[in-house]
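Contents: one structure, followed by commentary.
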Amino acid sequence: MTLTPAPGWGLAVPPAVSIGLAADGDLSSLLALVLAGALLLTLGLQTLLTGWFALRVRGLGQQRQRWPGEPAGGWPVAEVVLCLRGADPSLAGALAALAHQTYPGPWRLQLVVDSLADPAWAVAEANLAALEASGQASWQAAVLRPLERRPQRGSLKSASLRQAFAHLHPATALVALVDADAIVSPQWLTDLARACSQPGIGAVSGNRWYQPQGGSLAGRVRASWNGGALVLMTLLGIPWGGSLAVRRQVIDAGTWSERLKTSLCEDTSLIEPLRQLGWRYAFRPELIALDEDDSIALADLAPWIGRQLLTARLHHPAWPLVALHGGGSALLLTASAAWLLLGRSSLLATALGLYELGCMGLLLWIEATALLALAKTGSQAILPKAAPFWRRAWDWLANLPMTQLTYALAFWQACWDRRVGWRGVSYRVLGRRDPGGPGVEALGRDE
């Protein structure tokens with residue numbers, strides 16, 4: 001028997017309900033349209049920023065060609081400072097790269113190691129002795145010292161730098177900082193001295209370019225994040241302490257050393273002391289350092305990126321723009337992904353796909369720009385043609401979702417976490433309203 005519903009029984013939708021369903025559908029479509037438009041607009045803005053970065057790097061390279069071969073007044077007496085805690089796998093290579101510097105003027109090397117028991121002490125001591133015995137070392141003298149005092153406020157890195165600054169040779173006019181995981185080119189110190197000797201410039205730095213040897217997921221994700229960070233740091237004037245030089249007066253006459261008493265790091269806290277002395281900071285593409293380290297674990301990646309962002313939050317005036325970029329992109333991608341999971345929208349799915357493909361293209365563009373700068377310095381970087389284009393494109397594209405997720409987590413940590421870990425030491429973050437802030441203070445004993 002077939003039951004035929006009577007007129008008005010369930011099959012007919014009341015007009016008010018129809019209007020509600022139509023309104024919900026219109027709202028869903030509108031939201032998908034807004035998100036799709038925001039994704040494409042964001043991609044357009046990122047394309048403009050990347051183009052600006054590429055033009056900036058090209059212009060700086062042309063500017064360098066117009067400089068005289070030797071700074072006015074001759075080559076300054078230089079001193080390179082390397083602070084160590086833990087024996088990085090690249091430490092021996094970093095010391096060898098420093099030994100092979102072709103700097104025309106006199107220079108010295110000063111190393112500050114966390115303690116005599118630190119693994120870096122034995123590695124550094126053995127490599128320095130071997131390099132000097134072989135006659136390969138180009139420095140006039142190399143001094144290895146343990147960290148003498150571990151203050152409660154400020155990071156161990158900042159304390160090591162303050163100690164190194166207190167022991168600078170009286171003749172030193174240029175102070176260069178380098179990280180143990182940065183393999184610099186033979187003319188690195190020469191390029192630092194030429195750039196920092198230009199009129200009005202008080203400090204210069206390059207940046208790092210990650211090219212992980214093993215090609216691990218964590219290494220590739222860090223490389224993807226660093227590609228975007230390279231653009232922002234260049235355009236916003238954020239220094240990088242791993243390849244940095246300052247005039248001696250910045251240390252002796254400025255407030256930088258005083259800021260290091262409480263700061264988490266040295267580089268982002270440099271801008272205001274420079275401004276007070278009437279000098280400027282300049283990014284130099286020839287100072288980009290190759291980093292082939294592939295030892296970071298995926299679980300440690302978000303805290304590591306979060307610490308990089310935290311240094312800008314605590315010490316650099318451009319943090320609001322960094323936060324706008326990080327928070328805005330994280331919120332937009334999260335909302336787009338969530339809306340796609342809750343409902344279907346071919347328009348939004350297409351826009352998200354175009355966004356990811358566009359980001360892949362931008363990373364290829366950034367890679368080509370950075371590696372070209374590296375190649376011009378004589379660094380043994382793998383140029384883009386060394387790997388097939390499709391392979392490089394796939395590597396960037398495949399790692400984008402994990403990079404974006406990791407960046408969102410790291411940004412959240414940088415904004416809200418009150419603790420930060422660095423090389424086995426836990427610090428409490430001091431905000432601007434805290435006594436002695438902004439900066440950090442050590443919590444208990446380090447591991």
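The values are calculated or read from the model by the stated rules, or taken from the named source; none is laboratory data. Just so we're clear, the structure is a prediction, and the values are computed from it rather than from any experiment. Note that each Cβ is placed from the backbone with ideal geometry, even for glycine, and that neighbours are counted across all protein chains shown.
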Which numbered condition residue 151 misses (of (1) at pLDDT below 95; (2) in contact with a helix residue (DSSP H, G or I) (Cβ under 8 Å, 6 or more places away or on another chain); (3) surrounded by fewer than 17 Cβ atoms within 10 Å (Cβ to Cβ); (4) farther than 25 Å from residue 429 by Cβ): (4)
Residue 212 meets each of (1) surrounded by fewer than 20 Cβ atoms within 10 Å (Cβ to Cβ); (2) part of a helix (DSSP H, G or I); (3) under 18 Å from the mean Cα position of the chain (by Cα); (4) not hydrophobic (A, V, I, L, M, F, W, C) with one exception, condition (2)
Considering residues that are at pLDDT below 95 and under 25 Å from residue 120 (Cα atoms), the number found within segment 179-205 is 9
Being of a type outside the set (Phe, Trp, Tyr), in contact (Cβ under 8 Å) with a residue 40 or more places away in the chain and over 23 Å from residue 170 (Cα atoms) is the filter here; which residues of segment 61-90 pass it? 61, 64, 84, 85, 86, 88, 89, 90
Only one of 81, 123 is surrounded by 19 or more Cβ atoms within 10 Å (Cβ to Cβ), over 26 Å from residue 195 (Cα atoms) and modelled with pLDDT of 95 or more. Can you tell me which? 123
What number of residues in segment 224-249 are of a type in the set (Ser, Thr, Tyr) and either free of Cβ contacts under 8 Å to residues at least 12 places away in the same chain or out of contact with any Phe, Trp or Tyr (no Cβ under 6 Å at 6 or more places or on another chain) (or both)? 2
The listed residue being touching a Leu at 6+ places or on another chain (Cβ under 8 Å), more than 30 Å from residue 439 (Cα to Cα) and modelled with pLDDT under 95, out of 340, 357: 340
Kindly indicate which of 41, 49, 111 is in contact (Cβ under 8 Å) with a residue 60 or more places away in the chain and either aliphatic (A, V, I, L, M) or surrounded by fewer than 18 Cβ atoms within 10 Å (Cβ to Cβ) (or both). 49
With (1) more than 21 Å from residue 111 (Cα to Cα); (2) assigned to a loop (DSSP other than H, G, I, E, B); (3) among the hydroxyl-bearing types (Ser, Thr, Tyr) as the list, and residue 224 as the residue in question, which single condition is left unmet? (2)
